[in-house]
Amino acid sequence: MQERSLFDNPVGRGPSNEKIRFDEVASRPAYEKAAVLKGNTVQHQLVMALDKHPMICEELETLTGRSHQSVSAALNALLKKGLAEKSGMVESTSTGCTANIWILSLKGKGEADRWNGLRF
């Protein structure tokens, strides 16, 4: 029988059916900060950008350096989550097409304020 080394054992929370337990006072702030960082970074970038001022998708693509597909998908996810919405106004893109101007909803503004309050 081969001897097992320390590195053969998985490190972490134990059996996969065991729930994570943590000290509320010490671990909750660290957990919340990590949740922001581990969350969808494209959505996070868009919320923080829209917190500054309303923009069309093309402007968000330029600002974040992300592809149209990534930004468009993230905006639709934010729309479904109730964090962003279409303002009802349009603006011309660089190609002359019209595009919706996106804004944060009240819920999205609250989320941006919460993220701005976290210190990393």
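Readers should treat all values here as calculations from the given coordinates under stated rules, not as data from a laboratory. These figures come from a predicted structure and were not determined experimentally. Every residue, glycine among them, receives a Cβ derived from its backbone with ideal geometry; neighbour counts consider all protein chains shown.
Odds and ends about this structure:
- Gain upon complete extension [Asn76, Lys107; 0.36 nm per residue less C-alpha separation]: 9.6 nm
- Couplings 3J(HN,Hα) of region 78-89, computed from phi: 5, 4, 5, 7, x, 8, 9, 8, 7, 6, x, 10 Hz, in residue order, whole Hz [Karplus 6.51 cos²θ - 1.76 cosθ + 1.60, θ = phi - 60°; x for Gly and Pro].
- Among Thr95, Ile56, Ala84 the positive-end extreme of the charge dipole of region 55-120 (Cβ point charges): Ala84
- Computed extension length for Thr41-Cys97: 17.4 nm, one decimal, from 0.36 nm per residue of separation with the Cα-Cα distance subtracted.
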